[in-house]
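Below is one structure, written out as structure tokens, with a few remarks after it.
Readers should treat all values here as calculations from the given coordinates under stated rules, not as data from a laboratory. Predicted model only: the values in this text are computed from it and were never measured. Positions of Cβ are generated from backbone atoms using ideal geometry, with glycine treated the same way; all protein chains shown enter the neighbour counts.
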Amino acid sequence: MTPKDVKVVFDKFHVVALMNKVIEDVRRAEQSRLDDEERKVLKGSRFLLLYGIENLVKMDETQPLVVPRLERLEALLEANQTLYEVYVLKEELRWLWSHPDKERAGQFLDQWLLDAKQIDQPDIQRLARTLATHREQILAYYDEPITTGPLEGLNNKLKVLKRVAYGYRDTAFFQLRVLFIHEVGTKVVGV
């Protein structure tokens, strides 16, 4: 197999993570631009903007607050047009992987890129250029529907295990723990 035979698929997780970084950067820029009174509306809004709308609805149903999260998000988006536009783009970008075929997903991505270019915000413009550059790798998901989610989860488990391994007396025990990482946790007797 030669390198040109290898198909590169950009993972949904990483594309959405890029968009979430843009949301965070735009929120920070808007917060520093506003005066103290307007800034209060943005205070504590980071996770409201990063969560998917369906997760906010679930949280409001299971964990009611004095001011429901959905109401806070609506007030925030009404108060700041730039954040509203970028948030709508974020939610729309999450739909990219729900299309029935590559052609429709490509049309959707092209329209999304046009919409993103209409917003006068440097962070979203940069993301639009990045996604346009890597359009084929993003849409390659429809040829090879793979994700690195399980690998990311395993990497996280290994990091936690490595942090806990700080107290292990020998590397052989650490290697055994890596081999049986998905098994139920072990208990050391007498410690």
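General remarks:
- Put the Cα centre of the stretch 137-173 next to the Cα centre of the stretch 18-65 and the gap is 29 Å.
- Summing charges over all other residues whose Cβ lies under 12 Å from the Cβ of Val67, with Lys and Arg as +1 and Asp and Glu as -1, gives -1.
- Put in line by how crowded their Cβ is, counting other Cβ atoms within 10 Å and starting with the fewest, Lys159, Lys4, Lys21 read Lys4, Lys159, Lys21.
- Using C-alpha pairs under 8 Å with a sequence gap of at least 6, the mean separation divided by the residue count of the chain gives a relative contact order of 29 percent.
- The angle between the Cα long axis of helix 102-118 and the main principal axis of the chain comes to about 60°, on a 0 to 90 degree scale.
- Nearby lysines by direct alpha-carbon distance to Lys12 (threshold 17 angstrom, same-chain neighbours under 8 apart not counted): Lys21, Lys90, Lys102
- Taking other Cβ atoms within 10 Å as a rough exposure proxy, Leu89, Leu113 sort from fewest to most as Leu113, Leu89.
- Three-way shape label, the chain, alpha-carbon gyration tensor, a/c 1.5: oblate
- Fewest-first ordering of Asp120, Asp110 by other beta carbons within 10 Å of each residue's beta carbon gives Asp120, Asp110.
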